[in-house]
């Protein structure tokens, strides 16, 4: 029987060793670093000599074509902290990333060396988040939240691959919640009658707040965009306004929270035309605020600003709306007014226009979506009765 051929220099080697679990094999090979130096690499734990030989061939092949990556020994928590410092993100997005990494990544995976992360470990981490991941200990996170946190980790590890710290991204071998599983909660939208009913009620309760609700419903603006709107952005004569910026809440552990103004969600400004009733309401609102203080109607003043000329707190503004809706339901009757969130005024704006036959592109531009496909995807729902209208319209076409 012929003796096995001795491995030549550069071909590496395979050795056998004993563990408590039984016999194992290791591989040993040499690689050349970018600075010209050499490094001897050992990899252990192979169950069979055949497995070890296959791994050795793969490692040597990567070394020969320049694809071998030196193991990344940095812990994940340390790497993520450095990675965050290099991200070009809005303050609110960066704060969100930091919070989710601190609460939902570091406690579970932070001590793991980046090079030792596996797809199986990432999968196990996500399942743990789904069952018991809430920071207050009251249960698991939603599939939507888990998928969002997963995308943060995936982006960070993709950069590690791009910068040469990892050969492969372990999240590519894991299975996050699917887009269908991570669908947002079903959106709610008022009918025109319900919206009109609420605005009339709100006007009688608090005209100042009612103006904000009317403006959001009439333009489809996002909350932060409305709260950052200034009088210089509003042209009442031309019946239009320009949305240039947004204000959001930035929270940092140990540093409290701060209201920060930045660009819109897409980074683009847009012009939104106003209806005559909203223009009239804005004119009256401006007159009333001007009588309180000239500072409230200066060119640079916030349209929906607080009486001290500062921003209204976005989250408190949403809670104020929810409280008003609750009071309106008690006053008007719960069956007359479904419960919705402040953001649903934006959905109501889009739904009413689309239901009335307004072109999707026009609605998309008013909402500030990056493209009309987003609008079509988000607003697949219909009001009760719209399907019946479509069926009756089709029958009318057939009848000529």
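The values are calculated or read from the model by the stated rules, or taken from the named source; none is laboratory data. Note that the structure is predicted; figures quoted are calculated from it, not measured. For neighbour counting, all protein chains shown are included, and Cβ atoms are generated from backbone atoms with ideal geometry for every residue, glycine included.
Observations on the structure shown:
- Only residues that are at positive phi and assigned to a loop (DSSP other than H, G, I, E, B) were counted across segment 45-69, and they come to 1.
- Evaluation of residue 242 against (1) under 30 Å from residue 331 (Cα atoms); (2) outside any helix (DSSP H, G or I); (3) at pLDDT 95 or above (one fails), failing number: (1)
- Conditions (1) part of a helix (DSSP H, G or I); (2) without any contact (Cβ under 8 Å) to a residue 60 or more places away in the chain; (3) under 18 Å from residue 273 (Cα atoms): number failed by residue 395: (3)
- Listed by position, the helices (runs of 4 or more DSSP H) inside segment 143-238 whose residues that are surrounded by 13 or more Cβ atoms within 10 Å (Cβ to Cβ) and touching a strand residue (DSSP E or B) at 6+ places or on another chain (Cβ under 6 Å) number at least 2 are 223-227.
- Failed criterion for residue 72 (all others in (1) assigned to a loop (DSSP other than H, G, I, E, B); (2) free of Cβ contacts under 8 Å to residues at least 12 places away in the same chain hold): (2)
- Evaluating residue 268 against the criteria (1) loosely packed, with under 13 Cβ neighbours inside 10 Å; (2) at pLDDT 90 or above; (3) within 30 Å of the chain's Cα centre (by Cα); (4) more than 18 Å from residue 367 (Cα to Cα) leaves one unmet condition, (4).
So that you can scan it fast, the table gives a plain yes or no per residue for (1) farther than 17 Å from residue 344 by Cα; (2) at pLDDT 85 or above; (3) surrounded by 11 or more Cβ atoms within 10 Å (Cβ to Cβ); (4) not assigned by TED's automatic domain parsing to the domain that holds residue 271:
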position	(1), (2), (3), (4)
356	yes, yes, no, no
360	yes, yes, yes, no
364	no, yes, yes, no
368	no, yes, yes, no
378	no, no, yes, no
382	no, no, yes, no
385	yes, no, no, no
395	yes, yes, no, yes
400	yes, no, no, yes
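- Of all the listed residues (327, 341), the sole one being in a loop (DSSP other than H, G, I, E, B) and either at pLDDT 90 or above or under 29 Å from residue 207 (Cα atoms) (or both) is 341.
- Residue selected from segment 245-257 under the condition touching a strand residue (DSSP E or B) at 6+ places or on another chain (Cβ under 8 Å) and without any contact (Cβ under 8 Å) to a residue 40 or more places away in the chain, by the criterion surrounded by the fewest Cβ atoms within 10 Å (Cβ to Cβ): 257
- When residues in segment 290-304 are screened for being touching a residue at least 24 places away in the same chain (Cβ under 8 Å) and surrounded by 13 or more Cβ atoms within 10 Å (Cβ to Cβ), 6 of them pass.
- Unmet criterion (only one of (1) surrounded by 14 or more Cβ atoms within 10 Å (Cβ to Cβ); (2) out of contact with any helix residue (DSSP H, G or I) (no Cβ under 7 Å at 6 or more places or on another chain)) for residue 110: (2)
- Long-range neighbours under 6 Å by Cβ, at least six apart or interchain, first residue buried (at least 16 other Cβ atoms within 10 Å of the Cβ) within segment 82-95, second modelled with pLDDT of 90 or more and in a helix (DSSP H, G or I): 83/156
- For segment 78-108, filtered to residues that are under 16 Å from residue 160 (Cα atoms) and in a helix (DSSP H, G or I), the residue that is farthest from the chain's Cα centre (by Cα) is 78.
- Taking (1) surrounded by 13 or more Cβ atoms within 10 Å (Cβ to Cβ); (2) more than 30 Å from residue 108 (Cβ to Cβ); (3) in contact with a helix residue (DSSP H, G or I) (Cβ under 9 Å, 6 or more places away or on another chain) in turn, residue 56 satisfies each apart from (3).
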